[in-house]
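Structure record follows, encoded as C-alpha cells.
The values are calculated or read from the model by the stated rules, or taken from the named source; none is laboratory data. Keep in mind that what you see is a predicted model, and the values were worked out from it rather than measured. Cβ: placed from backbone, ideal geometry, glycine included. Neighbour counts: every protein chain shown. Note: areas computed on protein heavy atoms with side chains; ligands, DNA, RNA excluded. Shrake-Rupley method; radii C 1.70, N 1.55, O 1.52, S 1.80 Å.
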Amino acid sequence: MSPNRSLRPLTGIAVLAMFAVTAGAAPNNAAFASEFERVRPVTHAATQKECGECHMAYQPGLLPAASWNRIMDGLQDHFGENASLPADTAAAIRNYLTQNAGSGDGRLIRITEQRWWLHKHDFSPSIWTRKSVGAKSNCEACHRTAAQGLYEDD
Amino acid sequence: MRPTRPTKPILLLAAAVSLGAGVALAASGDPERARILDGYAAQAKAQTPGFAGFSAERGRALYLGPHAGGKVADTPGCASCHTRDPAGTGRHYKTGRDILPMAVSANPKRFTDPAEVEKRFERDCVNVLGRACTAQEKGDFITFLSNQ
C-alpha cells in the first residue's frame, strides 16, 4: 500500500475524531466507525524493538501523552515486571510515544481501561480466559492485523 | 625455494596463538560472545574471592531454579518463560509472546550484543531472583547456554 493511500482514511478519522472527542469517548485517531478502525502504525525502530519484545508494540495513538509519560516513568515496575531500559533508549521511546499520542484519560495507563476501549469490548468476560486469547492485552488474538494498526473486526 | 614452505610456520603460529589465548573463544564459539565472557571473568575476579572460571553446571542450576524472592511470583526460574529445554522457543508468562531460544546451538546470535545482554540481565535477574546477578552468575549462565 502506498503512503498516500493509507493517509486518506486517517483524514477521515481526524474528522470523525473531532466528534468523538467532543463526546469525550475516543482517542483522536481510534475512531468508532468500523471501517475506520485504524491507528498510525509504529514507525520508530526502538519502540518497535523494545516494546515489541514482550508484547505487541502498541501504537502511540492508543493512549494520551500523560499515560505514556506515566508508563515510561514506571518501567521498573511495568505491570508487575521490571522492564527497565537504558536511559537514552527510554528517552527516545518516550519522545516518540508522547509526540504521536492520542487522547483519553491520562490517569489510566491501561489501554483496556480507557472508555473508548471498554465501549468497544462490551462482551462476556469469559472471552479473555480462552486459551487462544489469554489476556486483554493480546489484541492480535482477535484483531489479526492489530500490529499494523488495523483493528477492523475479524 | 618452493613457494609453499613459508606458510607452514605461520599456520603453526596461528594454531599456537589460538590454543593459548582462545579459551573463552573456544568455550563460546563466537568472538563477540568471547569478549562478553572475558569481561564478566575480569569482573568476577574482582568481585568473587577464589573465582576459578565459569561453570556450566552452576549456570544450569541458575537457569532452572526454582528461586525465591523474585519480583514476579509466576517466574521462579529462567525456565519459567524460556522452558526447561533452552533450545526450545520460550513464551512470555503473561503475554504469551514467543521468545527465541536461549541455547546458542538453536539461536547463534544469543549473547553477541553486550548492551542487549546487560539489559536482559538487569531486568530478569530482578524479576526472577529479586536482585542483580553477580558477574560470575552471568558468566555461568552464558557458559551453560553456549554449550546447549
* Asked: Scanning the range A:95-154 for residues that are under 11 Å from the mean Cα position of the chain (by Cα) and within 14 Å of chain B (Cβ to nearest Cβ), which turns out most open to solvent (accessible area, probe 1.4 Å)?
  -> A:ARG110
* Structure fact -> Over the range A:49-80, the set of residues closer than 15 Å to A:ALA91 by Cβ and among the aliphatic types (A, V, I, L, M) is A:ALA65, A:ILE71, A:MET72, A:LEU75
* Filter the range A:55-79 down to residues that are surrounded by fewer than 21 Cβ atoms within 10 Å (Cβ to Cβ) and within 18 Å of A:ARG107 (Cα to Cα), then give me how many there are. => 12
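Of these, B:ARG84, B:ARG97, which one is over 20 Å from B:ARG33 (Cα atoms), charged (D, E, K, R) and at pLDDT below 95?
Step by step, each of B:ARG84, B:ARG97 is checked, and only B:ARG97 is over 20 Å from B:ARG33 (Cα atoms), charged (D, E, K, R) and at pLDDT below 95.
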* To do: Test B:THR112 against the stated conditions and say whether it is within 30 Å of A:ASP88 (Cβ to Cβ) and of a type in the set (S, T, N, Q).
  => yes
* Quickly run through the range B:46-98 and pick out the residues that are within 20 Å of A:GLU53 (Cα to Cα), hydrophobic (A, V, I, L, M, F, W, C) and crowded, with 17+ Cβ neighbours inside 10 Å. => B:VAL72, B:CYS78, B:ALA79, B:CYS81
* To do: At least 2 residues that are more than 14 Å from chain A (Cβ to nearest Cβ) and not small (Gly, Ala, Ser) in each: list the helices (runs of 4 or more DSSP H) lying fully within the range B:21-109 that qualify.
  => B:23-28, B:31-47, B:56-64
* Any chance B:ARG120 is farther than 18 Å from B:ALA44 by Cβ and open to solvent by 20 Å² or more (accessible area, probe 1.4 Å) -> yes
* Structure fact -> Matching residues in the range A:80-90 (surrounded by 13 or more Cβ atoms within 10 Å (Cβ to Cβ) and more than 8 Å from chain B (Cβ to nearest Cβ)) number 2
